[in-house]
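Structure first, commentary second.
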Amino acid sequence: MLIFEHSKRGLHKRDTAELKGIPANMRRAEPAKLPEVSELQAVRHFTRLSTRNFSIDTHFYPLGSCTMKYNPRVANSIALMPEFAGRHPLAPEKFSQGFLGCMYELQEMLCEVTGMKGFSLAPMAGAQGEFAGIAMIRAYHDANGDHERREILVPDAAHGTNPATATMCGYTVKEIPTLANGDVNLEALEAAIGPQTAGLMLTNPSTLGVFERQIQKIAKMIHQAGGLLYYDGANLNAILGKIRPGDMGFDVIHSNLHKTFATPHGGGGPGSGAIGVSARLIPFMPIAGVIKDEGQGKELYRWANKTDYPQSIGHLSAFFGNPGVLIRAYVYMRLLGRDGMSRVSEFSTLNANYMMAEMKKAGFQAAIPDRFASHEFIITLKKQAKELHVTAMDFAKRLLDLGYHAPTTYFPLLVPECLLIEPTETESKEDLDGFIKAMVQIQQEAENNPEIVTTAPHTMPVKRLDEVRAAKQLDLSWTVTQAS
Amino acid sequence: MSNIPEELKYTASHEWVKMNDDGTVSVGLTEHAQELLGDIVFVETPEIETEFAAEEACCVVESVKAASDVYMPISGEIVDTNGELTERPEIINSSPYDDGWIFKIKPSNEDELEGLMDAQSYEDSLED
């Protein structure tokens, strides 16, 4: 039920006294179309909606490539301190030294864990981070008078945002095939590289849930041809504290701080797509960043400007990133420390490999069975779809009934009828076992009583959606005249 | 096994190709391809009179699962597209080989047709 449906017209009397002094022609002819409810009605409405959420605070949420891990409460309480949350974006630098100092340290910590030489916290989301990264690659080639480089290479295992980003930056995209073992096809890559190559976008570990073992060779091939390497940091959780994109040879990376560094996400924002660069791209960094000036025995933090980054790609928003997300990420990183970073990747990888091994034992087919998984793995329900006419989507819907958020379905596109499962490091063995048990139960239902699976979910407030209608007749607007 | 008509030619990327009497060539998606995609909700057909090289992406088909490219089976110029798909993209699901045709090409080199798969080879390629 929408809050407008609770609304009773005339509940809130208009106070015409307030209108004194406002010229008649500037006043509304009709009252604003806002819901008229009591405070308690509003509280109950939103509390009721919140109980219908499937969230990391209520359920195991193994959504592959999304890193739905626990977001420590302490990071949130610090971000909500009025000294942070109440800071005006235009507050003078001398009154913002604490905030600017945290941002500076966050930049430094991100450089350290990724092996990059500079970091910008300006991008407001992963997609904007990608955009900024590829825009810097383009600015770099343009500054070198290298205008013929107009092609970005993207492996077919990539996230869909990669080709979209390259296209947004005016590049054409060339897809590179992946081998059955999950590595990039080097022969095809060799054939695709040329004087037109601006760069390569790669996720490592890839969306197939395996580490790209030939990365050094790939980096060398791209650099020799004059191209640059872009690292999609969506899967950074798998390698945190173990291996650094800068050491692999990458020139730009974006890190989804909201994933790897545990701030609440999944509802469409706010996020952070902080970007790291190698030395040659520093002049092109977006504005604003935070710079530390030292001298006369004093440290002073200040906003970077156009003189610091003369060839900057410019502003990405009116101010500077999403500070709330950045503070949460900062606190989370400080809590973890260097050793904690390594434990993140160790336990996220251990959890994924434990689940993959147990699910293989239970008869499920892994997409790349002969290799260790990274922090996520894929099972394919090709056999179930063919023999039992129960699809990956049916399994996903049935999982909701059993109290588990569905894994990522039908992605990556390379694997038919797939579920991409990412347990993260914060789940207990009991919860992992519970999920596996639920999958085994659904498998038995698919064999003996398939209808219960193909018509799931049965216990959710919203039942099976008509996805065709949802895609073709998308209508999300509500007009007051619809109110009865 | 899905339906693979004998008289058509096929590509590895699951397009079917039909030689018409007027020298043009019709292209669509195979039954197997539409099964993989699931319910199709949108088709972006190529512009008429555009020329594409063989294997170039020329059209986008969107289903409830994913957006996929359709590739040119042979090089040539687009001479016609199926207008019916704007309103009823689901005919690719219900009638992939007839009502659900996507575009027609005027081939720039008819010899390229020889490089395509016949029904038997396409069927073999689906078995793995």
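Would you tell me the mean number of C-beta atoms belonging to other protein chains that fall within 10 Å of each C-beta in A:75-85, as a whole number? List each step's numbers first, then the result.
Working: counts 0, 0, 0, 0, 0, 0, 0, 0, 0, 0, 0.
Neighbouring Cβ atoms belonging to other protein chains average 0 per residue here.
Any idea which of A:Thr454, A:Gly126, A:Ala392 is furthest toward the positive side of the dipole for the protein assembly as shown, if Lys and Arg beta-carbons carry +1 and Asp and Glu beta-carbons -1?
The residue sitting most towards the positive pole is A:Gly126.
Kindly identify region A:342-470 as rounded, prolate or oblate by the Cα gyration tensor criterion: order the square roots of the eigenvalues as a ≥ b ≥ c, call it rounded if a/c is under 1.5, otherwise compare a/b with b/c, prolate if a/b is larger, else oblate.
Working: a/c = 1.73, a/b = 1.53, b/c = 1.13.
Since a/c reaches 1.5 and a/b is larger than b/c, the shape of region A:342-470 is classed as prolate.
Name the residues whose placed amide hydrogens come within less than 5 Å of the amide hydrogen of A:Leu63, ignoring near sequence neighbours (fewer than 5 apart) on the same chain.
Counting only residues 5 or more places away or on other chains, the set is A:Met68, A:Glu422.
No solvent, one uniform scatterer per C-alpha: report log10 I(q)/I(0) for the protein assembly as shown via the Debye equation at q = 0.06, 0.10, 0.12 1/Å, two decimals.
The Debye formula, applied to the Cα set alone, gives -0.39, -1.06, -1.38.
Residues with beta-carbon under 13 Å from that of A:Leu400, excluding A:Leu400: net charge, scoring Lys, Arg +1 and Asp, Glu -1? Intermediate results must be reported in sequence, preceding the final value.
Numbers: positive: A:Arg52, A:Lys397, A:Arg398, A:Lys463, A:Arg464; negative: A:Asp394, A:Asp401.
The answer is +3.
Is the shape of region A:120-161 rounded, prolate or oblate, going by the alpha carbon gyration tensor and its root eigenvalues a ≥ b ≥ c, with a/c under 1.5 for rounded and a/b larger than b/c for prolate? Provide the component values of the computation, followed by the final result.
Working: a/c = 3.96, a/b = 1.23, b/c = 3.22.
Because a/c hits 1.5 or more and a/b fails to exceed b/c, region A:120-161 counts as oblate.
Count the net charge of all other residues whose Cβ sits under 9 Å from the Cβ of A:Ala446, scoring Lys and Arg as +1 and Asp and Glu as -1. Let's see the in-between values first.
On the way: positive: A:Arg398; negative: A:Asp394, A:Glu445, A:Glu447.
Net of charged neighbours comes to -2.
Using Cα-Cα distances under 8 Å and only pairs 6 or more residues apart, what relative contact order does region A:74-335 have, in percent?
Details: 516 pairs, mean separation 73.3, N = 262.
Relative contact order, region A:74-335: 28 percent.
Could you work out, residue by residue across B:33-42, how many beta carbons of other chains sit within 10 Å of that residue's beta carbon, and then give the average as an integer? It would help to have the intermediate numbers written out before the result.
Numbers: counts 0, 0, 1, 5, 1, 5, 6, 2, 7, 2.
Partner Cβ neighbours, averaged per residue: 3.
Send over the per residue convex hull volume for region A:313-397, Cα only, as a whole number of Å³. Let's see the in-between values first.
Details: hull volume 18.2 nm³, N = 85.
Convex hull volume per residue, Cα atoms: 214 Å³.
Could you list the square roots of 5 times each eigenvalue of the Cα gyration tensor of region A:74-335, that is, the equivalent ellipsoid semi-axes, sorted largest first and rounded to whole Å?
Numbers: eigenvalues 208, 83, 47 Å².
One finds semi-axes of 32, 20, 15 Å for region A:74-335.
Quick check for me: using +1 on Lys/Arg Cβ and -1 on Asp/Glu Cβ, what's the dipole size of region A:74-335 about its Cα centre, in debye to the nearest 20?
Numbers: 20 positive and 23 negative charges, 93 e Å.
The calculated dipole for region A:74-335 is roughly 440 debye.
Just want the answer: with Cβ charges of +1 for Lys and Arg and -1 for Asp and Glu, which residue in B:Ala66, A:Met168, B:Ala33 is farthest toward the dipole's positive end in the protein assembly as shown?
A:Met168
If you plug each phi of region B:95-103 into the Karplus form 6.51 cos²θ - 1.76 cosθ + 1.60 with θ = phi - 60°, what whole-Hz ³J(HN,Hα) values come out, in order, with x for Gly and Pro?
8, x, 9, 10, 4, x, 4, 10, 8
For peptide A:460-469, what's the mean number of Cβ atoms from other chains within 10 Å of each residue's Cβ?
Details: counts 0, 0, 0, 0, 0, 1, 2, 6, 9, 2.
Counting Cβ atoms of other protein chains within 10 Å of each residue's Cβ and averaging gives 2.
If you average the sequence gap of Cα pairs under 8 Å that are 6 or more apart and divide by the length of region A:1-149, what percent do you get for the contact order?
Values: 49 pairs, mean separation 18.4, N = 149.
Relative contact order of region A:1-149: 12 percent.
Compute the convex hull volume of the Cα atoms of chain B, divide it by the residue count, and report the result per residue in Å³ as a whole number.
Numbers: hull volume 12.6 nm³, N = 128.
Here the figure is 98 Å³ per residue.
As a test of the formula, what do you get for chain A when each DSSP H run with n ≥ 4 contributes -39,500 (n - 2.57) and the sum is divided by the residue count, at 222 nm and rounded to the nearest 500 deg cm²/dmol? Intermediate results must be reported in sequence, preceding the final value.
Details: 17 runs with 183 residues, N = 484.
Calculated from helices alone, the mean residue ellipticity at 222 nm is -11500 deg cm²/dmol.
Which lysines have a Cα lying under 17 Å from the Cα of A:Lys117, excluding residues fewer than 8 positions away in the same chain?
Counting by Cα, and skipping residues close in sequence, A:Lys117 has these lysines nearby: A:Lys292.
Considering only A:Ala438, A:Ala367, A:Ala357, whose Cα is most displaced toward the positive end of the charge dipole of region A:325-441, charges sitting on Cβ of Lys, Arg (+1) and Asp, Glu (-1)?
The Cα lying farthest towards the positive end belongs to A:Ala367.
Which value, in debye to the nearest 20, describes the size of the charge dipole of the protein assembly as shown about its Cα centre when Lys and Arg Cβ atoms bear +1, Asp and Glu Cβ atoms bear -1, and nothing else is charged? Please report the intermediate quantities before stating the final value.
Working: 55 positive and 83 negative charges, 872 e Å.
Dipole size: approximately 4180 debye.
Using a 10 Å cut-off on Cβ atoms, rank the peptides A:234-243, A:72-81, A:41-50 from the highest mean neighbour count down. Don't jump to the answer; show the numbers that get you there.
Values: A:234-243: 22.5, A:72-81: 15.2, A:41-50: 12.4.
Ranked from most to least packed, the peptides come out as A:234-243, A:72-81, A:41-50.
Net charge within 13 Å of A:Leu208 by Cβ-Cβ distance, Lys/Arg positive one each and Asp/Glu negative one each, not counting A:Leu208 itself?
Details: positive: A:Arg213, A:Arg371; negative: A:Asp156, A:Asp183, A:Glu212, A:Asp370, A:Glu376, A:Glu422.
So the surrounding residues net to -4.
Give me Rg over Rh for region A:3-51, both radii from the alpha carbons and Rh done the Kirkwood way, two decimal places. Kindly include the intermediate steps, with their values, before the conclusion.
Working: Rg = 14.6 Å, Rh = 12.9 Å.
Expressed as Rg/Rh, it is 1.13.
Which whole-number percent is the relative contact order of chain A (Cα, under 8 Å, 6+ apart)?
Values: 870 pairs, mean separation 90.4, N = 484.
For chain A, the relative contact order is 19 percent.
Nearest 500 deg cm²/dmol is fine: what mean residue ellipticity at 222 nm does chain B get from its DSSP H runs of n ≥ 4 alone, each adding -39,500 (n - 2.57), divided by its residue count? Numbers along the way, then the final one.
Working: 4 runs with 23 residues, N = 128.
Helices in chain B give a 222 nm mean residue ellipticity of -4000 deg cm²/dmol.
Output the peptides A:316-329, A:181-194, A:119-132, A:159-172 sorted from most to least packed, where packing is the average of other Cβ atoms within 10 Å over each peptide's residues. Don't skip to the answer; put the middle values down first.
Values: A:316-329: 21.0, A:181-194: 16.4, A:119-132: 25.5, A:159-172: 18.5.
The peptides rank, most packed first, as A:119-132, A:316-329, A:159-172, A:181-194.
To make sure I understand the rule: partners must be lysines, Cα under 22 Å from the Cα of A:Lys298, and not fewer than 8 residues away in the same chain. Which ones qualify?
Of all the lysines, those that pass the test against A:Lys298 - Cα under 22 Å, at least 8 places apart if same chain - are A:Lys94.
Calculate one ³J(HN,Hα) per residue across region A:55-72 by plugging θ = phi - 60° into the Karplus curve 6.51 cos²θ - 1.76 cosθ + 1.60, and present them in order as whole Hz with x for glycine and proline.
Residue by residue, region A:55-72 yields 9, 5, 6, 10, 9, 4, 9, x, 6, x, 6, 10, 6, 8, 9, 5, 9, x Hz.
For region B:25-79, just run the numbers: alpha carbon Rg, then divide by 2.2 N^0.38 Å, N being how many residues it has. Kindly include the intermediate steps, with their values, before the conclusion.
Numbers: Rg = 11.5 Å, N = 55, 2.2 N^0.38 = 10.1 Å.
Ratio of Cα Rg to 2.2 N^0.38 Å: 1.14.
Which value, in debye to the nearest 20, describes the size of the charge dipole of region B:11-111 about its Cα centre when Lys and Arg Cβ atoms bear +1, Asp and Glu Cβ atoms bear -1, and nothing else is charged? Present the calculation step by step, with values, prior to reporting the outcome.
Working: 5 positive and 23 negative charges, 41 e Å.
With only Lys, Arg, Asp and Glu charged at Cβ, the dipole is about 200 debye.
Please list, in chain and number order, the residues 5+ apart from B:Asp80 or on another chain whose amide H is under 5 Å from its amide H, with Hs placed from the backbone.
Amide H to amide H, under 5 Å and 5 or more residues apart or across chains, B:Asp80 pairs with B:Lys104.
Quick note: the coordinates plus some simple rules give every number you see, no bench work behind them. Remember, predicted model here, so these are calculated numbers, not experimental data. Cβ atoms come from the backbone with ideal geometry, glycine included; neighbour counts cover every protein chain shown.
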